[in-house]
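Working notes, beginning with the structure itself.
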Amino acid sequence: MHVQLAGEPQEPGRESEDFAVASSEALVLLDGSSSPEAMESGCRHGTPWFVRRLGVHLLARLTDRADRSIAECLADAIAETAALHGGRCDLGHHNTPAAMVVAARRHGASLEYLVLGDSLLVLQYKDGPPRVIGENQRFPDGEELRRRIWTTVPGSEEREELHLRYALAVRAARNSGNGPWIAAASPKAAGHAETGFVPLGDLRAVAAVSDGASRFTERFGLGSWSDALQLLAESGPAELIAQVRAVERADAGCERWPRGKAHDDASALYARI
């Protein structure tokens, strides 16, 4: 695989909670689960620390453990990362650092893939339309509250209050069997990821995007996924993110395109097969 990647924090000077890493045979993209500043996490390290270590451990497992399935590799990486926290972190806390996961690797004559959460994997076939995989851990019980957040003024006390209520509701439900699954401290979450194989001979390329970058198509409608893949192929991931940022700046009040954050961490990875 020939891989290009780019990432940008939601604000200059702020540490990104996304993480992307790749080799010639595997790729990993993580989108850390952000929390309102008022919410405790039980962890002294934080989400950026977590996604970097989980991402590196997962890439290592993908490349050196062909005998383990891609979901088993994620489970191993979650367990290894959890062990790094040490006794001063409460990994049972409902807001312990967590992340969405996209991963793929060459496995014989196939591409093996995994997606957990609302980040996306986009398969570009040699023939036919692209296939988008992801958004597989929705939280229907929180959708009404999420829509209410979008109707409030960014930066207002009302929005902050609703955002905190939504974050508490999601965290009370996730990884419990009553809500979405996400990579946090329990390896069990890996078993709820969407996984599969695609013949490498059928593929032209594959893209992985965090939800901040997927706004190009999913939120702003700047083009179809075919358009996004063409942009990635011709101009690279940095240009896709730049076009997303331009729209965000033009709609800083979130009026034309309602959304929870005016800007979000954005990462994109494009790999030619």
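The values are calculated or read from the model by the stated rules, or taken from the named source; none is laboratory data. All figures in this text were calculated on a predicted structure; none of them were measured in a lab. So basically every Cβ, Gly included, is an ideal-geometry build from the backbone, and we count neighbours across all protein chains shown. Keep in mind that these areas ignore ligands, DNA and RNA; they rest on the heavy atoms of the full protein, side chains included. Shrake-Rupley method; radii C 1.70, N 1.55, O 1.52, S 1.80 Å.
When the residues of the stretch 25-52 are narrowed to those that are touching a strand residue (DSSP E or B) at 6+ places or on another chain (Cβ under 8 Å) and in a helix (DSSP H, G or I), which ends up most open to solvent (accessible area, probe 1.4 Å)?
That would be R52.
Can you pull out the residues in the stretch 148-163 that are at pLDDT 85 or above and not in a loop (DSSP other than H, G, I, E, B)?
Scanning the stretch 148-163 gives R148, I149, E157, E158, R159, E160, E161, L162.
May I ask you to list pairs of residues, at least six apart or on different chains, whose Cβ atoms are under 8 Å apart, with the first in the stretch 117-132 being closer than 13 Å to V206 by Cα and free of Cβ contacts under 8 Å to residues at least 24 places away in the same chain and the second being open to solvent by less than 40 Å² (accessible area, probe 1.4 Å) and assigned to a strand (DSSP E or B)?
Close Cβ pairs satisfying both conditions: R131/V122; R131/L123.
Which ones in the stretch 8-24 are out of contact with any Leu (no Cβ under 6 Å at 6 or more places or on another chain), open to solvent by 40 Å² or more (accessible area, probe 1.4 Å) and either more than 30 Å from G201 (Cβ to Cβ) or not small (G, A, S) (or both)?
Of everything in the stretch 8-24, those that are out of contact with any Leu (no Cβ under 6 Å at 6 or more places or on another chain), open to solvent by 40 Å² or more (accessible area, probe 1.4 Å) and either more than 30 Å from G201 (Cβ to Cβ) or not small (G, A, S) (or both) turn out to be E8, E11, P12, G13, R14, E15.
Restricting to the stretch 169-219, name every residue that is touching a residue at least 40 places away in the same chain (Cβ under 8 Å), of a type in the set (A, V, I, L, M, F, W, C) and open to solvent by 30 Å² or more (accessible area, probe 1.4 Å).
A172, F197
Part of a helix (DSSP H, G or I), surrounded by 14 or more Cβ atoms within 10 Å (Cβ to Cβ) and among the hydrophobic types (A, V, I, L, M, F, W, C): does that describe L222?
no
Identify the single condition in (1) modelled with pLDDT under 95; (2) out of contact with any Phe, Trp or Tyr (no Cβ under 9 Å at 6 or more places or on another chain) that C43 does not satisfy, given that it satisfies every other one.
Among (1) modelled with pLDDT under 95; (2) out of contact with any Phe, Trp or Tyr (no Cβ under 9 Å at 6 or more places or on another chain), C43 violates only (2).
I'm trying to understand the selection: among the residues of the stretch 225-270, which are more than 16 Å from E135 (Cβ to Cβ), open to solvent by 20 Å² or more (accessible area, probe 1.4 Å), of a type in the set (A, V, I, L, M, F, W, C) and within 19 Å of the chain's Cα centre (by Cα)?
The answer is A238, A242, A262.
Exactly one condition in (1) in a helix (DSSP H, G or I); (2) out of contact with any Phe, Trp or Tyr (no Cβ under 7 Å at 6 or more places or on another chain) is false for D211; which is it?
(1)
Within the stretch 127-143, can one find any residue that is surrounded by 14 or more Cβ atoms within 10 Å (Cβ to Cβ), over 23 Å from L30 (Cα atoms) and not aromatic (F, W, Y)?
no
Conditions (1) open to solvent by 10 Å² or more (accessible area, probe 1.4 Å); (2) farther than 20 Å from S34 by Cα; (3) outside any helix (DSSP H, G or I); (4) charged (D, E, K, R), marked per residue:
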| position | (1), (2), (3), (4) |
| --- | --- |
| L54 | no, no, no, no |
| A60 | yes, yes, no, no |
| E72 | yes, yes, no, yes |
| A77 | no, yes, no, no |
| A82 | yes, no, no, no |
| R88 | yes, yes, yes, yes |
| N95 | no, no, yes, no |
| V101 | no, no, yes, no |
| R105 | no, yes, yes, yes |
